[in-house]
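See structure below.
The values are calculated or read from the model by the stated rules, or taken from the named source; none is laboratory data. Predicted model, so just to flag it, every value in this text is computed and none were measured. Here the Cβ positions follow ideal geometry from the backbone for every residue, glycine too, while neighbour counts run over all protein chains shown.
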Amino acid sequence: MKPQPITPEPADAAARREIAPVICYPRDALARPDLDRYRAMRNGLQLTERRTILPRGAGCWTVPAGHVFRILCTEGPQVADLNLFNLANLDERFYSGKTRALNGTHLGRGDQMFSSFPYLRPMATITHDTLDWYGFDAFGASVHDVIGTRCDPYTHALLSDGGQYHHCCHSNLTRALAEHTGKPLAAAERLVHDVLNVFMCTGFTRDTGQYFMKASPVRPGDYLEFFAEIDLLGCLSVCPGGDCSSEHSSDAAACFPLAVEVLKPMRPPEGWQPPPVNRYDRTHGVGRV
Ligand SMILES: [Zn+2]
């Protein structure tokens, strides 16, 4: 948040502010998936697995490359925090910040979720979103953001004079990853990373630039669908904030379970290949790795 300025404006302040912005990462520089082919793949999807994830908890699942998974609202408005990993190498994980820089603040159909350095490649492509009608509202808010992080007990302690709460998404993801991988809790916690906030409706206030949330427009029957570009381990926390209309990091909000489905297409998109890892040679100007 910017404080009241104490520095006098320079004479050319208005001219400096009038400079037009430049998109940091122009869309046409980034190879985009052939969405028509991905959409054609959706005909004849076969359900291979369905699981329910309970509120204030999390669950893990795996998806083979070339398959699809969906996160579904089944009983009531509820948001969730998604982590993704390369199933064969948990060091390669979703990179929310670079995904935001490449795609924008909120993800939609055709956007790809990128992995961390030094891999930086698409891990998953969003192939369907029943909330695409929402767009951006009058507050500048939209759904499925990559601008928040994940609710966590450390920030909660910071803001509540040392308060203890154990079912933030960060802790839910930690417990689920510990159980799935067999790693000790502390090692599993280090795997948790910034998320895709599925169904969450968020933005930044226009006047102060503060991160805000509002009641999610998601309703039973809505879902977000992803195509797995590589073999994936997914982990989803069903957020203690419920629809995030009031607060999170407590047991006060009404919460509902969510479902995760894995589906197998009859054939992958025409011409599709799993993307290779990033081509940067990693010498960083030294001439050797
Ligand atoms: Zn949360």
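Results for (1) surrounded by 14 or more Cβ atoms within 10 Å (Cβ to Cβ); (2) among the hydroxyl-bearing types (Ser, Thr, Tyr); (3) closer than 26 Å to residue 63 by Cα; (4) within 13 Å of the ligand (Cβ to nearest atom), shown as yes or no for each residue.
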{"residue": "151", "(1), (2), (3), (4)": "yes, no, yes, yes"}
{"residue": "186", "(1), (2), (3), (4)": "no, no, yes, no"}
{"residue": "220", "(1), (2), (3), (4)": "no, no, yes, no"}
{"residue": "260", "(1), (2), (3), (4)": "yes, no, yes, no"}
query: Among the residues of the stretch 171-180, which ones are without any contact (Cβ under 8 Å) to a residue 24 or more places away in the chain and either under 10 Å from residue 235 (Cα atoms) or within 9 Å of the ligand (Cβ to nearest atom) (or both)?
result: 174
- line: With the first residue restricted to the stretch 229-254 and required to be β-branched (Val, Ile, Thr), and the second required to be within 13 Å of the ligand (Cβ to nearest atom) and in a loop (DSSP other than H, G, I, E, B), Cβ contacts under 9 Å at 6 or more apart or on different chains are 238/55; 238/56; 238/57; 238/78; 238/79; 238/255
task: Being within 16 Å of the ligand (Cβ to nearest atom) and surrounded by fewer than 17 Cβ atoms within 10 Å (Cβ to Cβ) is the filter here, so list the residues in the stretch 204-218 that pass it.
output: 211, 212, 214, 215
task: Scan 90, 72, 102 and give me the residue that is part of a strand (DSSP E or B) and within 22 Å of residue 131 (Cα to Cα).
output: 72
message: Taking the criterion of being within 14 Å of the ligand (Cβ to nearest atom) and more than 17 Å from residue 196 (Cα to Cα), would at least one residue in the stretch 228-246 satisfy it?
response: yes
- request: Mind listing just one residue for me: the one in the stretch 104-154 that is over 22 Å from residue 66 (Cα atoms) and among the polar types (S, T, N, Q) and, of those, modelled with the lowest pLDDT?
  value: 149
message: Among the residues in the stretch 129-140, are any over 13 Å from the mean Cα position of the chain (by Cα), buried (at least 19 other Cβ atoms within 10 Å of the Cβ) and without any contact (Cβ under 8 Å) to a residue 24 or more places away in the chain?
response: no
